[in-house]
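Starting off with a structure, shown below.
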Amino acid sequence: MTSYSSGQGGRALFVLHEPGYYRFYGSTIVEMERRGWDVVLAFDRPHKRGQELRTPAGAGAKVRSVGALPGHITEPAATLRLTLDYVRYLEPAFASSGYLRRRMGKRLPARLRFLTRLPRLPRPIVTAAIALGRLIERCLPVDRAVLEFVRRLEADVIVVSPVVMVGEHAGLQTEVIKAGRALGVPVIAGAASWDHLSSKGLLRVVPDAVAVWNDTQAREAESLHRIRRSRIMVTGAQSLDHWFDAPAPGAVETFRGQLGIAPGRRVILLVGSSLKMAPGDTEVRFATQWLAALRASSSPEVRDAFVIVRPHPSNTRQWQDVDLQDPAAVITPRGYTGMPLSDGEVEAFRQALLASSAVVGINTTAMIEAAILRRPVLTVRDASFDHSQQETLHFGYLSDAQNGCVMLAHSLSEHVRQLDDVLSGRGPGLDASDRFVARFVRPHGVTTPATAHLCDAIEQLAGHRQRARVTGHRGRPVATDHSVALSDSRRH
């Protein structure tokens, strides 16, 4: 990917869902400042994580937060967007995604619930509905408060993420894209996480560019969101850059010692999933059955392994009073300071992953993080998690059947045999997992931080705005050249 870093500076407006999104874009914001940019931050929900998260860690004086986006969503706009968000799940690509369709159907206003009785629709009909919806969207005026907000900031480029959220606080980012279009300010929409383009709402307005992790997400943006390939920029997973950092010397041994794990003893780490992927006490019940299966194994490598259960930061409630009744199993941590996690909490998780001989999960980003750290990753089908495994698209990207990083078992007995193979050295090795990381996380090379590529993309897009100011262009600047530049940026 061509580098466009020039130290040119300017003003970048980042519009994020809430300050917890610093875990996705904190490194990008800090790097943009380092390159000489003024960065302004605004949010749909600025107080979701409390008052203290004004700017991301490491940011300096040129990064400032202005808090909440102004404005509101009119009822016609909200209704249109919810309708499109639901209709997208009727096309054949989502034929097996009943959970996603049901979840989106609950968002529909009562007068539109009849849509949930529709059968699956042919792709051309869904495509036509999306095109018509976007045409109507262009006819709806931009919210005046949002328009004036963007106008006053005089930004050279706008970054919005994730845009695809649904519900009460979701629509203002779409208004920001429309404001950028009206004012001639280029807008880049970012896919914050690996599941966002396939499990949430639609990109209701087409931005100037869409930044995605990899070619898998590029295909999602093109096929599921009907975004032209020339507008899609593959930059890598900037939110996962820190997992490539070298561990501190001796940290893993210290971590093992704190948990009383004897030298040489195998460790199996169970990483928890979010509340939506593992609702209620489903994960606790699974962990209890899973641990019993491990202890009943005929393989001493599996049977005698030390087990760490690490609850997901957003799904700790079900674990508060759980006693695994096993002296060689521990639940840690049972609580967190918030999201994003503190540096200490992230480092503790890193040590848990590095201390492990194998990592097991249901459906969570931690499984990708384990693959980055070159740990074998396994999962098992369980009826309690059909909605998060069989009825989502993104889970399939992890499976070894789709060249992913995770060994998939269809029963606990098969899973235990796979663990035995991994712990005894008879497993398939890490070559496939390494290829997955190179393709899915850092497609421009595993030694190059994705943050740099995303900042390059932002600067590239902003360059058109700045050149237009110098040459006196009005409105939408150099649209034709812009399209060519985006196409060129994808060659790698």
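The numbers here are math on the coordinates, done by the rules we state, and not lab data. Just so it is clear, the structure is predicted and the values come from calculations on it, not from any experiment. No Cβ is skipped: glycine too gets one built from the backbone with ideal geometry, and neighbour counts run over all protein chains shown.
Hey, could you grab the Kirkwood Rh for the range 274-374? Inverse mean 1/r over distinct alpha carbon pairs, Å, one decimal. Present the calculation step by step, with values, prior to reporting the outcome.
Values: mean 1/r = 0.0690 Å⁻¹.
Over the range 274-374, the inverse of the mean reciprocal pair distance is 14.5 Å.
Further question on the same structure: Sorted from largest to smallest, which semi-axis lengths in Å does the alpha carbon gyration tensor of the range 36-170 give for its equivalent ellipsoid, taking the root of 5 times each eigenvalue?
Details: eigenvalues 234, 61, 42 Å².
The equivalent ellipsoid of the range 36-170 has semi-axes of 34, 18, 14 Å.
I've got another one for you. Cut-off under 22 Å on the C-alpha distance; same-chain residues fewer than 8 positions from Lys48 excluded. Which lysines are left, in chain and number order?
Result set, ordered by chain and number: Lys200, Lys276.
Go ahead and collect, in residue order, the members of the range 212-252 whose backbone nitrogen is under 15 Å from a label point 7 Å along the Cα-Cβ direction of Arg34.
238-246
Let me ask something else about it. Along the three principal axes, how long is the range 183-229 when you take its alpha carbons, biggest first, rounded to the nearest angstrom?
On the principal axes, the range 183-229 reaches 31, 18, 18 Å in Cα extent.
While we're looking at this one, here's another question. Shape call for the range 242-440 from the C-alpha gyration tensor, a ≥ b ≥ c root eigenvalues: rounded (a/c under 1.5), prolate (a/b greater than b/c) or oblate?
Values: a/c = 1.08, a/b = 1.07, b/c = 1.01.
Rounded shape, in that the Cα axes give a/c under 1.5.
I need the semi-axes of the equivalent ellipsoid of the range 104-192: take the C-alpha gyration tensor, multiply each eigenvalue by 5, square-root it, list largest first in whole angstrom.
Values for the range 104-192, descending: 29, 15, 13 Å.
Taking all pairs of different Cα atoms in the range 41-112, averaging 1/r and flipping that mean, what Kirkwood radius in angstroms comes out?
On the way: mean 1/r = 0.0645 Å⁻¹.
In the range 41-112 this quantity evaluates to 15.5 Å.
Find the relative contact order for the range 242-440 and round it to a whole percent, using C-alpha pairs within less than 8 Å whose residues are 6+ positions apart. Write down the numbers at each step before the final one.
On the way: 294 pairs, mean separation 46.5, N = 199.
It rounds to 23 percent for the range 242-440.
Still on this structure, please answer the following. Using alpha-carbon pairs under 8 Å, 6+ residues apart, how would you state the relative contact order of the chain in percent?
Details: 843 pairs, mean separation 87.7, N = 492.
This gives 18 percent for the chain.
Tell me the mean residue ellipticity at 222 nm calculated for the chain from its helices only (DSSP H runs of n ≥ 4, each -39500 (n - 2.57), averaged over every residue, nearest 500).
Values: 18 runs with 191 residues, N = 492.
So the calculated ellipticity at 222 nm is -11500 deg cm²/dmol.
Grab the eigenvalues of the alpha-carbon gyration tensor for the range 81-134, scale each by 5, take roots, and send me the semi-axes largest first in whole angstrom. Provide the component values of the computation, followed by the final result.
Values: eigenvalues 51, 40, 16 Å².
After diagonalising the Cα gyration tensor, the semi-axes are 16, 14, 9 Å.
Another question, if that's okay. Can you work out D for the chain in µm² s⁻¹ from Stokes-Einstein, where Rh is the Kirkwood radius over C-alpha pairs, the temperature is 25 °C and the viscosity is 0.890 mPa s? Could the numbers behind the result be given before it?
Working: Rh = 23.8 Å.
Answer, rounded: 103 µm²/s.
Helix 343-355 versus the longest principal axis of the chain: what is the Cα-based angle in degrees, 0 to 90, to the nearest 10?
Helix 343-355 sits roughly 50 degrees off the main axis of the chain.
Sticking to Cα atoms, compute the Rg of the range 329-430 to one decimal and its Dmax as the biggest Cα-Cα distance, whole number, in Å.
14.3, 40
Right, something else. Grab the other residues whose beta carbon is less than 12 angstrom from that of Gly98, score K and R as +1, D and E as -1, and report the net.
Values: positive: Arg101, Arg102, Arg103, Arg120; negative: Asp386, Glu391.
Every neighbour counted, the sum reads +2.
Please compute, over every Cα-Cα pair in the range 23-80, the percentage with a separation greater than 14 angstrom. Mind dumping the intermediate values first?
Working: 1005 of 1653 pairs.
That tail contains 61 percent of the Cα-Cα pairs.
Starting from one equal scatterer on each C-alpha and no solvent at all, send me the Debye-based log10 I(q)/I(0) for the range 203-316 at q = 0.20 Å⁻¹, two decimals.
For the requested q values the scattering log ratios are -1.09.
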